[in-house]
Amino acid sequence: MTSLPKNNEEAVSKQIRMSPLSALKGFKDLLPEEARQIQWLEGKTHELFETFGFSPIRTPILEIASLFNRGIGEATDIIEKEMYTFEDWDGGKISLRPEGTASVVRAYIEHHLSYAPIAKFYYMGPMFRHERPQAGRLRQFHQIGAEIMGDPNPRQDVELLSLSYHFFRKLDVNDITLEINSLGCPQCRPVYRLALMNDLQAKISRLCEVCQRRYQSNPLRILDCKKPACKERTRTAPRSIDHLCPECQRHFKEVQEGLACLEIPHTLNPHLVRGLDYYTKTAFEITNNRLGSQNAVAAGGRYDGLVETLGGPSTPAVGFAIGIERLMQLIDPTQIPKPSLPLYIAPLGKAAGQFLLSLTFTLRKNGLACEMGNEAGNLKNQMKQADRLGAGHVLIVGESELAKRCAILRNMTTKMQEEIPFAKLSELLLSRLQH
Ligand code: HAM
């Protein structure tokens, strides 16, 4: 190997050090406009979820890796190939959370939150999955999630579904499809699993490689394969709802009756399965065709065995999560209020700058949003900046205004100007411009 002359080596390493860096693939900066829209959505979430009786919970982004291995299931895509897992300084394996449910269950057990007959939590935050990035699929994405713990009653499934349905309605997202299915319980699922494997046995060599692998480890997931050939081959596969035990049948019937009672439109998708292994009984997905191939905007279901699997007392539970980035694509941005700047303050010269600095602070302290220009800048540039920021009014103070102890207030819509004595400035601006 030939080595670069020392000078060249230094130049190359400097170039590498100085070259601009970009965000990791599948990770996205939320720039001010998008960040503001998401904050608006978070505000709507707090309002609605609190109305439905949910309390906020925030769990850490890093957890012990085994929490997810045990909770989500070893034979799932998330565990097999999508988790960001690495060694901590003490040698322990830790993971960036790929979803919120396992963490909420861990917190529920750890803090003995089962004191109340039922516990209802909601959360928002980033999740991490090392998936192939594409439209609507990120490696860091955000979810709004809700979990109800402690009640086996199908009414809780219906409550969650009604919450998600109403949430989309409130955001004026009306073109959604709710698909439901029942995946059975540890009593009836094995019977169904066997029936499915028997049916697929003759077709196995014609399924894709991934499905062939899944045949032994997780045959239900074959029903979720998006490849047209596999879809065609599983079209007539047995349905879990035909293999439910009497208890699961009753549960599913009551869920459907509850949805009908609340007039929540839904369709039965007997081949709906989920990418996480903890589900029992009800499973559901909310989709929207405007989203393209990644069309699931929310999903969830019942997971009656997860608390116990993670070392807690036997506790039935049900939950769902909404993908924030996908939801944002469906929301009409015109309903999101734009930030307004009632006042731009334009100082002309150092003395005016000094005087207006304290006025700006007084106005902000009293809740009036305002922005102050650079006192070294001329009026033309400051007016341009006020325009760019969409300011409703501009307050101008230069040397002659200082001498007269009067400021000029310009209405940017009507272009009318008036003089306001310094003595009345803050009082008048606050009473006139504060909403
Ligand atoms: P999930 O189906 O894996 O369920 O994710 C829920 C939603 O998160 C999806 O429907 C989608 O909108 C969004 N999502 C998932 N992966 C990505 C990605 N790579 N990029 C963008 N958005 C994505 C869960 O996570 C369960 N914890 C839901 C749950 C809560 N079940 C019971 N409780």
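The values are calculated or read from the model by the stated rules, or taken from the named source; none is laboratory data. This is a predicted model, so every value here is computed, not measured. With ideal geometry, Cβ positions are generated from the backbone for all residues, glycine too; neighbour counts draw on all protein chains shown.
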Open item on the list: With within 27 Å of Q294 (Cα to Cα) and more than 27 Å from the chain's Cα centre (by Cα) as the only criterion, which of L178, L196 stands out?
Closed with: L196
- [ ] Taking I396 as the residue in question, decide whether it is within 24 Å of the chain's Cα centre (by Cα) and at pLDDT 95 or above.
- [x] no
Task: Odd one out for F141 among (1) surrounded by 19 or more Cβ atoms within 10 Å (Cβ to Cβ); (2) touching a Pro at 6+ places or on another chain (Cβ under 9 Å); (3) not assigned by TED's automatic domain parsing to the domain that holds Q249 - done: (3)
TODO: Please enumerate the residues belonging to segment 299-357 that are of a type in the set (S, T, N, Q) and under 13 Å from V397 (Cα atoms).
DONE: Q354
- [ ] Evaluate the following for Q294: is it modelled with pLDDT under 95 and either in contact with a strand residue (DSSP E or B) (Cβ under 7 Å, 6 or more places away or on another chain) or not hydrophobic (A, V, I, L, M, F, W, C) (or both)?
- [x] yes
Task: Filter result for L268 (touching a residue at least 24 places away in the same chain (Cβ under 8 Å), buried (at least 17 other Cβ atoms within 10 Å of the Cβ), on the phi < 0 side of the Ramachandran plot and away from the ligand (no atom under 16 Å from the Cβ)) - done: no
Task: Entirely in segment 272-348, the strands (runs of 3 or more DSSP E) that have 1 or more residues that are near the ligand (Cβ under 10 Å from one of its atoms) - done: 280-287, 296-302, 317-323
Task: Selection status of L425, assigned to a strand (DSSP E or B) and either more than 29 Å from W40 (Cα to Cα) or not aliphatic (A, V, I, L, M) (or both) - done: no
- [ ] Return yes or no: is L171 within 26 Å of V104 (Cβ to Cβ), modelled with pLDDT of 95 or more and surrounded by 21 or more Cβ atoms within 10 Å (Cβ to Cβ)?
- [x] no
- [ ] Check off (1) crowded, with 23+ Cβ neighbours inside 10 Å; (2) not assigned by TED's automatic domain parsing to the domain that holds L171 for R302 and give me the number that stays unchecked.
- [x] (2)
Open item on the list: Can you report the number of residues in segment 244-265 which are in a helix (DSSP H, G or I), of a type in the set (A, V, I, L, M, F, W, C) and surrounded by fewer than 19 Cβ atoms within 10 Å (Cβ to Cβ)?
Closed with: 2
TODO: Being part of a helix (DSSP H, G or I) and under 15 Å from L62 (Cα atoms) is the filter; apply it to segment 99-151 and report the residue that is nearest to the ligand (Cβ to nearest atom).
DONE: T101
